[in-house]
Each structure stands twice: as structure tokens, then as C-alpha cells.
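Let me begin by presenting the structure, written as C-alpha cells, before commenting on it.
The values are calculated or read from the model by the stated rules, or taken from the named source; none is laboratory data. Keep in mind that this is a model prediction, so the values were computed, not measured. Here the Cβ positions follow ideal geometry from the backbone for every residue, glycine too, while neighbour counts run over all protein chains shown.
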Amino acid sequence: MSTNENRKSKALPNLGPLRGFLALTVVLLHIPLMTKNQYLPYFNDWAIFNKGYNAVWGFFTLSGFLIINLLYQEKQKTFTVNVKDFYTRRILRIYPVYYVVLLFGLAYYHFILPQFGIKFETNYTVGEAFLWCIAFLPNVFFSLFDPGGILSILWSIGIEEQFYLMIAPISKFIKSNKFTIILASFTVLYFILYFNPYTEFFRRYRFMYFYFSMGGLMAILHSQQKINFLIFPKLLRLVLYVSFVLYFFTNVFEFSNEALKHAFSMVLFALFILNISNEKDYIINNKFMNYLGEISYGIYMYHMIALNLIVFISLKINVEHIFGFIGTVVFINITTIGLTILFSHLSFYYFEKAFINLKSKFRKSTSSNDPKSLSSITFHTNLN
């Protein structure tokens, strides 16, 4: 068996399809929002078309579950964390695509659209946008200005990188036996701080770090064999999985209180990820769904470029006159998703992989002989 095949065979189950689902859910949020904005036919009556932000919270939890545990396992094995190598791996995985989207978005709104006689009001300069985004603060940029859809999606990347800029050096200097207490304390206290009426600053700029810490806490407690009871028996797992489906496809779990909504989402995602990644009975082996997970970062990053192109074409050819209302909705959704997958595929295999392959030079093995430890399983994820 090749190294790549061996790596995939040991990957935690079901996380690839989860990443693909979450990425497509974000796409389904933005398609009707933009088509409505451009006075094209749109459809968003189903709950799944309004769950894009929830999907991003799921990505945050999954990221913490995988990456914080890797930091913990490195600390366990080497008694330290190589912060430089960690940051280098993050840069190699995240920033090539990040800067492609950033530069294209700036060119699109400031130079390309005007060339076609399309007026797009920008309340920021190219320099301002670039400075905010290279300073790991695209979420602040998104809140202060109206950057346009292509650039607005960068906000979540900023939140993720801000958190890891903090957690990596902290992981280096704290003792490994203090990881859980620090993560648990941070999750609870920061959650309270975030929703405090006097700290609106955190909510305005969406500093949702508690999702990452909750995911990491769940992973580390599991690797320490302290929460085996949270890997539910078969019937309870089914209840959990049904709850996850209802969360995204219905409004059963909608809460008017923001703190309650995020508390429920944080716990649901953490439990769901823990259980599906330890699943023995319900493993998704569908190649296409796993493939979507592999290119999910590209799906998230490129979908607004694809959507803008499809909307531009639809307006130019008067697609509603050709296909009618329903046909136009179907056309825009299918072509946007298809073009997004094509962009993501080409990017992953002909651009991103060159940088991903460099990551191995900055990774130390953290494997363990304990077959029950999360560290004994390769984390085959595009988030690390």
C-alpha cells in the first residue's frame, strides 16, 4: 500500500464528507443572497439555504478538534511545541489560496467591474483592504466596510488564524497536563465574555474562539480516555445524527437568544464530530463525498468567484427569459456549484498540493503506540 493510501486508510472516518457538506452549505447560503440582490430569481425557502453561518461554526469546531489535539500530542511526545514549524504549516496550507482570493477580489471590484461598465461602490481603498487582510484581521475589515462577496468570505479565515496565533505559543509554554483545564476555563470564561452586554466589540467582529477551544477540549479529553461515555451507543448515536440533520435542514433548533443558540451549536458540533470520527457502524465511503471534503477549502474560498461569474453571465444572456423562474433558479444553483467544484479541483491538484507537500518538512511525528489515542490516527484534513 502506498504512503498516501495508508494515510487515507488510517484517517478518522466521516470527516471528509462532513467538510464537504459544510462547505456546500455555505455555498447554498450565498447563491440566493446574491441572485436576490441582482434581481434574479432565487429560492431560499428551505432551512438549508440559511445555514451557511452555522456551517462555518461547524468548521471552527472541527478545526479545533483536529489541530489543537495535534499540538497536544506534539507536546506529549517532545515536551514542547515547535511554534515556527506550526506557523509554517499553517501558512503553506491556508495562505496561497487566501492571497489568490484576496488579490482577485481587489482586482475584481476595483478594476475588472469598472472595465465592463459595472459600478460597484467601494468605501475602502486597495491599500486599506490589503493591510487589514495581511494583518490577520479580515473579520474587522468585513465589519467596517462593504468589501463585496468575494472578499467578505475571508472573515472566517481571519478568526481561525487569530486563534492559532494565540494557542500555539500557549501550548509551547504550558504543561501538557494543564491543557484540559486551560481549554475548559477559556471556553467557559470566553463564552461568558463574548456574550456580555458590555463587550459588544467581540460580537461585532465575530471573535468566536470558543468553537475552536471546545473542539480541542473534546479531542484531548478523548485522547486521555476521560470521555468514553460521550461516544454514545448505537441508538443514542442515531439520535445525535438525526439532531444534526434537523439542525441544518429544519428550524427546530432555532433560538431567539444568541448565547443559547451558540451554546447549543458548540455542544452539538463537538459531540457530533467526536462520535462520527469514532464511528464503527456508519462509515461513509462514497468517493465523491470524500473528494468534496478533500477540496472543501477551495469550495469555501472560490465559490463567490464562481457565483459572480454565473450571475454576470445570467444577466448578460437574460437567463430568466430562456429558462423561466424555476429553470433559472436550478440553472444558477447547479452551474455555480459545478463551477466551484471545478475551480477547487484545479486549485487543489495543480496549485495547493505543491504547498501541501512542503508541509511534511515542518512536521514531526506525534504518533503513539496507544491504539486508542487520537494521535495514533493520521489526521487527513485540509485544515492543518
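Quick check on region 59-69. Is at least one of its residues part of a helix (DSSP H, G or I), of a type in the set (Ser, Thr, Tyr) and at pLDDT 95 or above?
yes
In region 191-252, which helices (runs of 4 or more DSSP H) lie fully inside it and hold 2 or more residues that are more than 29 Å from residue 77 (Cα to Cα) and either β-branched (Val, Ile, Thr) or over 22 Å from the mean Cα position of the chain (by Cα) (or both)?
200-204, 234-249
How about region 271-372: which helices (runs of 4 or more DSSP H) wholly inside it have at least 2 residues that are touching a Phe, Trp or Tyr at 6+ places or on another chain (Cβ under 7 Å)?
Per the criteria, 296-316, 319-347.
Against the definition (outside any helix (DSSP H, G or I) and either in contact (Cβ under 8 Å) with a residue 12 or more places away in the chain or surrounded by 22 or more Cβ atoms within 10 Å (Cβ to Cβ) (or both)), how does residue 124 come out, yes or no?
For residue 124, the condition - outside any helix (DSSP H, G or I) and either in contact (Cβ under 8 Å) with a residue 12 or more places away in the chain or surrounded by 22 or more Cβ atoms within 10 Å (Cβ to Cβ) (or both) - is met.
Could you check, for region 161-169, whether at least one of its residues is surrounded by fewer than 17 Cβ atoms within 10 Å (Cβ to Cβ), more than 19 Å from the chain's Cα centre (by Cα), farther than 30 Å from residue 33 by Cα and modelled with pLDDT of 95 or more?
yes
Identify the single condition in (1) among the small types (Gly, Ala, Ser); (2) part of a helix (DSSP H, G or I); (3) free of Cβ contacts under 8 Å to residues at least 12 places away in the same chain that residue 117 does not satisfy, given that it satisfies every other one.
It is condition (2) that residue 117 fails.
Tell me, please, whether a residue that is modelled with pLDDT of 95 or more, within 24 Å of residue 164 (Cα to Cα), part of a loop (DSSP other than H, G, I, E, B) and among the β-branched types (Val, Ile, Thr) can be found in region 81-102.
yes
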